[in-house]
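The values are calculated or read from the model by the stated rules, or taken from the named source; none is laboratory data. The structure displayed is predicted, hence computed values, not measured ones. For neighbour counting, all protein chains shown are included, and Cβ atoms are generated from backbone atoms with ideal geometry for every residue, glycine included.
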Amino acid sequence: MNRSELARIAQAMVVTGKGLLAADESTGTIRKRFEAIKLESTEEHRRAYRELLFTTPGAAEWISGVIFYDETIRQKTADGRPFAQYLTQQGIIPGIKVDLGAKPLAGFAGETITEGLDGLRERLVEYRRLGARFAKWRAVIDIGAGIPTAFAIEANAHALARYAALCQENEIVPIVEPEVLMDGDHSIERCEEVTDATLSCVFKQLQDHRVELEGMVLKPNMVISGKKAAHRASPEAVAQATVRCLKRHVPPAVPGIAFLSGGQSPQEATLHLSLINRLGPLPWSLTFSYGRALQETAISTWGGRSGDFKAGQKEFARRARLNALAATGRYSAEMEQQAA
């Protein structure tokens with residue numbers, strides 16, 4: 001394992017003023033997004049949409065890396081260049097989602113375990129050959145009556161650590177994503193309590209599995225009230241609780257933290273990231289790894305119409321630029337109108 005190379009790539013992924021585009025939606029998820037714009041989810045439509053994002057002029061100014069889905073890492077631009085090769089030439093690092101999704105955890109009603117460890121070593125070898133230099137694995141922790149259990153947290157943390165160790169063995173930087181969901185009506189205090197327990201367990205497992213912390217990136221949720229909570233905490237409270245939680249559990253050896261948006265609106269996710277970055281200095285780079293929060297306006301503007309391809313790219317560039325500003329604490333809500 002080349003530790004210095006892993007650390008170099010991890011640092012490049014979370015370099016100041018840039019973030020990650022999560023374009024790793026499964027075929028089922030992208031179908032739902034396309035249904036919303038009344039577009040059939042064919043392989044060519046999916047390819048064309050990903051090309052819209054990846055070839056946006058200036059994208060490399062704000063985007064450090066892209067997370068692919070298995071189908072996407074095998075696709076090409078209209079002029080025949082593999083997406084991974086195209087992005088690498090732009091100075092954007094290609095990555096790959098390698099988990100096979102969250103499935104019900106037997107014996108634990110309402111809880112899940114992420115599958116995909118079987119055969120992962122061999123898949124990582126192939127993905128590296130296809131150009132991936134980092135990978136992503138998402139664990140899902142739900143909050144509800146009597147959940148999460150300590151066992152479900154530990155089972156998911158163990159799987160995350162096994163995945164991360166396999167990645168590093170194959171000279172691929174692991175993104176470790178333990179997501180505490182914001183579904184439900186829980187308070188920000190309850191989210192902080194569960195996120196505390198989750199991050200504590202994840203880093204214990206990473207150390208037990210001898211994962212090099214310098215060669216990984218953490219992709220956590222922000223500490224936030226449930227979507228259905230009667231009283232949702234202020235953006236400032238979200239920033240403070242998130243930083244407090246990270247300080248307790250994330251060792252300074254980790255080069256960076258790329259937050260997931262987790263169902264927040266694009267504006268909410270950008271504002272929270274900016275407020276978090278104003279609470280520095282902190283030992284890690286704090287940036288974004290957003291999917292829908294970067295893509296939502298781009299996909300609706302494009303709508304599958306070739307004549308609106310460039311308009312869709314313009315929307316994607318706008319959101320990427322605003323989030324890049326948030327990654328240095330320089331975003332404010334007023335910029336939404338100015339940028340439009």
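Yes/no per residue for (1) under 20 Å from residue 257 (Cα atoms); (2) surrounded by fewer than 21 Cβ atoms within 10 Å (Cβ to Cβ); (3) not basic (Lys, Arg):
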site: 149; (1), (2), (3): no, yes, yes
site: 156; (1), (2), (3): yes, no, yes
site: 162; (1), (2), (3): yes, yes, no
site: 169; (1), (2), (3): no, yes, yes
site: 172; (1), (2), (3): yes, no, yes
site: 177; (1), (2), (3): yes, no, yes
site: 189; (1), (2), (3): no, yes, yes
site: 196; (1), (2), (3): yes, yes, yes
**Complete:** Scanning the stretch 211-231 for residues that are farther than 20 Å from residue 161 by Cα and surrounded by 16 or more Cβ atoms within 10 Å (Cβ to Cβ), the one nearest to the chain's Cα centre (by Cα) turns out to be 222
**Request:** Sort out which residues of the stretch 328-338 are under 19 Å from residue 288 (Cα atoms) and assigned to a helix (DSSP H, G or I), and write them in order of number.
**Result:** 335, 336
**Message:** Tell me yes or no: at least one residue of the stretch 205-220 is among the basic types (Lys, Arg), in contact (Cβ under 8 Å) with a residue 40 or more places away in the chain and touching a strand residue (DSSP E or B) at 6+ places or on another chain (Cβ under 6 Å).
**Reply:** yes
**Prompt:** Hey, any hits in the stretch 38-52 for a residue that's under 20 Å from residue 293 (Cβ atoms), part of a loop (DSSP other than H, G, I, E, B), of a type in the set (A, V, I, L, M) and touching a helix residue (DSSP H, G or I) at 6+ places or on another chain (Cβ under 6 Å)?
**Reply:** no
**Item:** From the options 33, 46, residue that is of a type in the set (Lys, Arg), at pLDDT 95 or above, surrounded by 17 or more Cβ atoms within 10 Å (Cβ to Cβ) and under 19 Å from the mean Cα position of the chain (by Cα)
**Value:** 33
